[in-house]
Amino acid sequence: MSEHSNLETSAPTATQPNAGVFGLSLSAAERITHMLSGEPEGSFFRVAVLGGGCSGFQYDFSIDQKRNDDDIVFTAHGVDVVVDDMSIELIDHAELDYVQDLMGSYFAVTNPNATASCGCGTSFSV
């Protein structure tokens, strides 16, 4: 976890029992809410893990409008985040934060499953 004053977290709830856990900081929830405010009704924030990047896997963040059968919805701070079943295996018990510092503003994932990550923070290995 980063050391931001707005890192307060709430216990996430998932749409499927035993689906894993994916956390969301208050800062990330506020940013996602802002991003979705200009999107069509029914839009949501998706977190996925893709093959590639400097370290083998990379995080992918997007706004989507179509849910898939294997999607798991995590709700924290009144915000839904959708993660597919394959991705949750790699980011189980991770937390999404929104960071604003001298380097810029960006989403950052604290992932206890990652054994290594690259300097850019968007790529990791397990």
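Quick notes on this one:
- Sub-7 Å Cβ pairs linking a first residue in segment 77-92 that is farther than 17 Å from LEU50 by Cβ to a second residue that is among the small types (Gly, Ala, Ser) and surrounded by fewer than 17 Cβ atoms within 10 Å (Cβ to Cβ), at least 6 apart or interchain, are HIS77/SER10, ordered by first then second residue.
- Condition met for ALA114 (among the aliphatic types (A, V, I, L, M), modelled with pLDDT under 90 and within 13 Å of TYR59 (Cβ to Cβ)): yes
Here is a yes/no grid of residues against (1) exposed (fewer than 13 other Cβ atoms within 10 Å of the Cβ); (2) part of a strand (DSSP E or B); (3) not small (Gly, Ala, Ser):
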residue	(1), (2), (3)
LEU24	no, yes, yes
GLU30	no, no, yes
THR33	no, no, yes
GLY38	yes, no, no
ILE63	no, yes, yes
SER87	no, no, no
GLU95	no, yes, yes
TYR98	no, yes, yes
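- Index of the failed condition, ILE91 passing every other in (1) closer than 13 Å to LEU24 by Cα; (2) in contact with a Ser or Thr (Cβ under 6 Å, 6 or more places away or on another chain): (2)
- Some residue of segment 50-57 being in contact (Cβ under 8 Å) with a residue 24 or more places away in the chain, farther than 16 Å from GLY23 by Cα and of a type in the set (Ser, Thr, Tyr): yes
- Only a single criterion out of (1) among the β-branched types (Val, Ile, Thr); (2) more than 21 Å from VAL21 (Cβ to Cβ); (3) at pLDDT below 90 is not satisfied by ILE63, namely (3).
The values are calculated or read from the model by the stated rules, or taken from the named source; none is laboratory data. Keep in mind the model is a prediction, meaning the values are calculated, not measured. All Cβ positions, even for glycine, are placed from backbone atoms using ideal geometry, and neighbour counts span all protein chains on display.
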